[in-house]
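The values are calculated or read from the model by the stated rules, or taken from the named source; none is laboratory data. In this text, all values refer to a predicted model and were calculated from it rather than measured experimentally. Backbone-built Cβ (ideal geometry, glycine too); neighbour counts: all protein chains shown.
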Amino acid sequence: MPRNQTLSFLRQRFAEVGIYPVKRHGQNFLIDLNLLRLIVESADLQPQDVVLEVGTGTGGLTEQMAPRVAHVVTVEVDPSLYQLASEELIDLANVTMLKQDALRNKNAFAPQVLEALRSSLEGSPDRRLKLVANLPYNIATPVISNLLFHEPPPVGMTVTIQKELADRMAAAPATRDYSALSVWVQSQCTVEIVRTLPPTAFWPRPLVTSAILKVDFRPELRARIPDLHGFHEFVRSMFLHRRKFLRGVLVSALKNQLGKADVDALLAAAGHGSTARAEELSVTDFLSLYKAVRAAVDGPR
C-alpha cells in the first residue's frame, strides 16, 4: 500500500512544507487505504487503459494506478500539492502531471487536458479512456457530465463523490433524487454505488457522507441518441420546473417552434396525460419524446 495517503503521513508532509488543505478546492484526502484499494479494484484497470485523474492530491491514488495501466493523466490545480505530488511520483514514467484547473468552464474541459488525453490514447489503437479519481465535490458534476461528450467516450468512471450526488445519478423515475443528471448519465451508462464512505474516511473530515460510484459506458445506449448536445439541453429544459406539468414546460420551451395543439398531440401520441411531470418519465420515455419533438420541429424532409 502507498505510504503517502495515511493521516500521519499527510499531516507530517503538510507541516514540513507549510501547507494545509484548501477548502475552496474541495480538498478532502481519502486516508482509509482499504477504500483507496477498493477504488482501484472497482475500476478494473487494464494495461491498455489511459486514466484521467482529476485532483492528484499527494499522488496516493496515482501511485496505485500507474503500474497497472498504459498512462495516467493527472490534474492538480493547487501549486503546492502539485509540487508535493511531483516529488512522490517522480519515478513513474507513464504519468503526465498537469498543474491547472481540469475545466475551461462548467461546460468544457481545459484544452491542455484534452490534448494530453488525445496524445496518450493515440499511443496504441487498443487504448481506452477511464476516469478514476477522488473528485473534489465542487467540480464533480461538470467533470462527469462533460466527459460523456468526449470522443472516444470513457469506458468507465470510478469516482468518490458526495453521496447526495451519487444518489442523483443512480436515481429511478418518480423519486426525490431523479433529475436531469440522472437521465443524462443513465441514457449512456449503467450506474452503481459501490460503497458509502463516512466522513471519518477523509482528512479533513467533510460535513457530508461520500460514496464510491462506478459508471460503465454502454455503446448501445448512446447509439439511441441522435444528437448528444441536443438531447442534453432538452432534458435540462424539462427539469427547469420539475413540479410543473410537462405540457406547460414543453409549451414554454417550444413556444417559437410548436403551438399548444402540437404539444398536446405529441404528448398524446407518447401516452403521457395532461398531468404528467418530467420527473415521472423514464430515460426511454425522454428519448422517445425528444425524437418526437425533433421530428415535429424539423417537419417532413
**Message:** So if I check each of S145, S120, S187, which one is under 11 Å from the mean Cα position of the chain (by Cα) and either at positive phi or polar (S, T, N, Q) (or both)?
**Reply:** S145
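For (1) at pLDDT 95 or above; (2) more than 17 Å from P173 (Cβ to Cβ); (3) more than 33 Å from the chain's Cα centre (by Cα), each residue gets a yes or a no:
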| position | (1), (2), (3) |
| --- | --- |
| S252 | no, yes, no |
| K255 | no, yes, no |
| G259 | no, yes, yes |
| L281 | yes, no, no |
| D285 | yes, no, no |
| L289 | yes, no, no |
**Asked** Which of the helices (runs of 4 or more DSSP H) contained wholly in region 58-153 include at least 1 residues that are surrounded by fewer than 19 Cβ atoms within 10 Å (Cβ to Cβ) and out of contact with any strand residue (DSSP E or B) (no Cβ under 9 Å at 6 or more places or on another chain)?
**Response** 79-88, 111-121, 140-147
**Message:** Give me the residue from region 194-207 that is within 19 Å of the chain's Cα centre (by Cα) and surrounded by 15 or more Cβ atoms within 10 Å (Cβ to Cβ) and, out of that set, farthest from K23 (Cα to Cα).
**Reply:** V194
**Request:** Return yes when A93 is in contact with a Ser or Thr (Cβ under 8 Å, 6 or more places away or on another chain), over 12 Å from V132 (Cβ atoms) and in the same structural domain as L135 (by TED's automatic domain parsing) and no when it is not.
**Result:** no
**Asked** When residues of region 225-261 are filtered for being under 21 Å from D298 (Cβ atoms) and among the aromatic types (F, W, Y), how many remain?
**Response** 2
**Request:** Identify the residue in region 154-193 that is hydrophobic (A, V, I, L, M, F, W, C) and assigned to a strand (DSSP E or B) and, among all such residues, is surrounded by the fewest Cβ atoms within 10 Å (Cβ to Cβ).
**Result:** I193
**Prompt:** Can you name the helices (runs of 4 or more DSSP H) wholly within region 221-290 that have at least 3 residues being farther than 15 Å from S182 by Cβ and among the hydrophobic types (A, V, I, L, M, F, W, C)?
**Reply:** 246-253, 260-270
**Prompt:** Residues of region 209-220 being touching a helix residue (DSSP H, G or I) at 6+ places or on another chain (Cβ under 8 Å) and buried (at least 16 other Cβ atoms within 10 Å of the Cβ), which ones?
**Reply:** S210, A211, I212, L213, K214, V215
